[in-house]
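> A single structure is presented below for examination.
The values are calculated or read from the model by the stated rules, or taken from the named source; none is laboratory data. Here the structure is a predicted model, which is why all the values come from computation and not from measurement. Here the Cβ is made from the backbone with ideal geometry for all residues, glycine too, and neighbour counts use every protein chain on show. All accessible areas refer to the heavy atoms of the entire protein, side chains included, with ligands and DNA or RNA removed. Shrake-Rupley method; radii C 1.70, N 1.55, O 1.52, S 1.80 Å.
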Amino acid sequence: MDRYQKNYKIIEERFPDVISKLKAAQTAQIELVFVENENKDCIPFAKTEQGEYRLNSYYEPLWAAELFAERYVVDSDYKVYAIAGLSDGKCIRQLLQKLDDTNIVLIYEPDAAWLDKYLEIYDYTDIFSDTRVKFFTGSAEDGALEKLIVNTINYAKRDLVEQCILPNYDILFPKQCEVFIELLVQRIKWLIFQRASYEEFGSKYLDNLYYAIPDMMKGYTVDQLVEYLAKMDISNIPAIIVSAGPSLDKNIHLLKEAKGKALIIVVDAAMRSVVRAGVQPDLVVSVDPVIGMKMVGIEGIETPNLVVMPLSARELIEKNQGKHFYHSISYPFVQQFYWKEGKGDGVYLASGGSVANDAFSLAVTLGFRTIVFIGQDLAFTGGRVYTKGIEDMKKPDEDLTKGSIIVTVEGIHGEELRTDIKMEQYLRWFEREIKKHPELEVIDATEGGARIQGTILKTFQEVLDEKCIGKFDMDAVTAELEPVFTKEQQENIHRELCQIPKRLEELKVIFHKGVAAYDNLNRWAGSKKKDQKEYDRICQEIAVVDEEIAKELLIDILTLYNAKENYETDDVVFAQTDVAVEELAVQGKALLESYCKAADDMIEDLSKIPYYKEM
């Protein structure tokens, strides 16, 4: 087996997503060459019109790699080192030698064609087989990279991320490196936002999730839409995203002219205006855990097909009789059923925090290359926040702006408009996403509101005349699709779900063992004679419990019950570099006791839902 095959074999075992990128690799955009120095070291060079760029020192590559590794202080356990570039592997190898088993090294090689060449020249088997290493190659805009970052960086690690760029990669791949770092920053911001959401809406999330799980088992996925539409020619079909901004009132009456000629995606808050305009949406996107509660009384909400997440409002999903297409199925306990039946991980829709962001990601993921915005003001156009059709679904405009941080943005006519900081973030997210996708034609036909850089300004009538010229029947597409699981698979999954209470009782035994171990640790810390063997034994007991918890698929759901305790423990244990043993014992015990209570609460909640009782 030659060097390339050895590298390939380990990548195939540990990073299967990378293999598909290797197979699809085209000719490298930047020429990569290798030159031997006097010591027979093979040095990678990049050749461009501007000159040659060394990817390591020509004369002293090992010394340069050691110098690189020294720049990064190993001052904390559980730290994540996010590295742009692979090069000859020497820098990464030197860094790994400094780290302990709790650290993670996330490597992103921007060019799959370069990786293909690297595998022939260098032996990376020690790096790729290292369990601390996570790896990806290809476009930074690929959703798989974002997914890898999401799965790598949790709340506890939010302040423990070190960004690293290997020599000259920032010059050769500026856009990819910029997006890589943006994804890291966005993930950290999202985790902070998620904490606030979990602590405020934890009980509502659970209510939604418990209803969604059985619905998902008999429902559909966005993946199915992607696969079906990939077989169709939709190159001349626009996707129209209908949002609930105040300017929607200007052109909503024209929307019915687009029916059958475009994909009409409506965000939940705009549903009433669309129904009043006499239009049946092709897809309604809803991600908010609460707003759907206020939509159940809207005439016509029963019929359209929904695009939802496991935490979307239960009341909306329960009321609606259309097909439900799920995405971003991030709970491992739920994901396992898709894995077991060969359904993959499922589509993950990138979001900037707004349902309109999700709708945009949906359109891109489905393969539409012309995307049109209406009602996408992202500003207080005319002093209003929303379309008139939203009356009783939101607080009055004046109440919504109270307590908000008000900023100004450029309007479509160059004027200065007031908005709040959240909408400005949504605006900047759109601009970044549009920049990432030069293949898209994004048209802003809102006819008001903020200027979204990268979009083409048109009236909605112009869009109808110029873009809505083909035929497209989304109802025919969705009618062809069968539920993601067969009846037999649904029954098998149902049986497994009915075993949740039994598993929770088993978990309580594990939690109690951990509580006892932390009690022992606290007693050890308070004793005058510190027996090292006793300390090691207690730590081993705690490690066994931690390992059981780490691999338990139900933990993410239990965390919704004890989010406050979880976050407080993370703040103490991970945010401080020197935690006293007594404090660690107290925090550890408190956390495990909160898990015991969470397990009892979850058993009680499930006992009230007929679906989860023994079949």
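> Any chance you could look up the accessible area of LYS551 with a 1.4 Å probe, heavy atoms only, rounded to 10 Å²?
Using a 1.4 Å probe on the heavy atoms, I get roughly 130 Å².
> Can you give the % of DSSP beta bridges in region 405-484 that are antiparallel, to the nearest 5? Present the calculation step by step, with values, prior to reporting the outcome.
Values: 6 of 8 bridges.
Looking only at bridges with both residues in region 405-484, the antiparallel portion is about 75 percent.
> Using Cα positions and a limit of under 18 Å, work out the aspartates and glutamates in reach of LYS231, with same-chain residues fewer than 8 apart set aside.
Answer for LYS231, where 18 Å is the Cα cut-off: ASP223, ASP473, ASP475, GLU480, GLU482, listed by chain and number.
> Taking only DSSP H segments of four or more residues, each worth -39500 (n - 2.57), what value at 222 nm results for the chain once the sum is divided by all its residues, to the nearest 500 deg cm²/dmol? Kindly include the intermediate steps, with their values, before the conclusion.
Numbers: 25 runs with 291 residues, N = 615.
Calculated at 222 nm, the ellipticity per residue is -14500 deg cm²/dmol.
> May I ask you to evaluate 6.51 cos²θ - 1.76 cosθ + 1.60, the Karplus curve with θ = phi - 60°, for each residue of region 106-121 and list the ³J(HN,Hα) values in order in whole Hz, giving x for glycine and proline?
Whole-Hz 3J(HN,Hα) from phi for region 106-121: 9, 9, 10, 9, x, 10, 5, 5, 5, 4, 4, 6, 4, 5, 7, 9.
> Cross-link partners among aspartates and glutamates for LYS458, C-alpha distance below 19 Å, same-chain residues fewer than 8 apart left out?
ASP249, GLU257, ASP377, GLU410, GLU415, GLU431, GLU439, GLU441, ASP444, GLU447, GLU466
> What does the charge dipole of the chain about its Cα centre add up to, to the nearest 20 debye, if the Cβ of each Lys and Arg holds +1 and the Cβ of each Asp and Glu holds -1? Before the final figure, lay out each step's value.
On the way: 73 positive and 104 negative charges, 137 e Å.
Here the chain has a charge dipole of around 660 debye.
> Considering only Cα-Cα distances, which of the following residue pairs are longer than 18 Å: LYS502/LYS589; LYS343/LYS551; LYS256/LYS467; LYS261/LYS388; LYS218/LYS343?
Values: LYS502/LYS589 23 Å; LYS343/LYS551 21 Å; LYS256/LYS467 14 Å; LYS261/LYS388 26 Å; LYS218/LYS343 14 Å.
Where the Cα-Cα span goes over 18 Å, the pairs concerned are LYS502/LYS589; LYS343/LYS551; LYS261/LYS388.
> Apply 1/(1 + (r/R0)^6) to the Cβ-Cβ distance of LEU553 and SER235, taking R0 = 51 Å, and write down the FRET efficiency to the nearest 0.05.
Details: r = 41 Å, r/R0 = 0.80.
With R0 = 51 Å, the Cβ-Cβ based efficiency is 0.80.
> Okay, next question. Please give every one of the lysines within straight-line cross-link reach of LYS117, meaning a C-alpha to C-alpha distance under 19 Å, and leave out same-chain neighbours fewer than 8 residues apart.
LYS6, LYS9, LYS21, LYS23, LYS40, LYS47, LYS90
> Still on this structure, please answer the following. How large is ³J(HN,Hα) for each residue in region 371-385, as worked out from phi by the Karplus curve 6.51 cos²θ - 1.76 cosθ + 1.60 (θ = phi - 60°), to whole Hz, x for Gly and Pro?
After applying 6.51 cos²θ - 1.76 cosθ + 1.60, I find 10, 10, 9, 9, x, 9, 5, 6, 6, 8, 4, x, x, 10, 9 Hz.
> Can you tell me what share of the DSSP beta bridges in the chain is antiparallel? A percent to the nearest 5 is fine. Write down the numbers at each step before the final one.
Values: 16 of 58 bridges.
Of all bridge pairs located within the chain, approximately 30 percent are antiparallel.
> If LEU497, LEU67 are ordered by their accessible area, calculated over protein heavy atoms with a 1.4 Å probe, which sequence runs from highest to lowest?
Correct descending sequence by accessible area is LEU67, LEU497.
> Okay, next question. Starting from the residue with the highest accessible area, list SER247, SER351 in decreasing order, probe 1.4 Å.
SER351, SER247
> Let me ask something else about it. Rounded to the nearest 0.05, what FRET efficiency is calculated for ARG71 and ASN37 with R0 set to 22 Å and r the Cβ-Cβ distance?
Values: r = 23 Å, r/R0 = 1.05.
After rounding to 0.05, the efficiency reads 0.45.
> Sticking with this structure for a sec: Hey, if we sort ARG195, ARG418 by accessible area with the 1.4 Å probe, largest down, what's the order? Let's see the in-between values first.
Working: ARG195 50, ARG418 130 Å².
Putting ARG195, ARG418 in descending order of accessible area: ARG418, ARG195.
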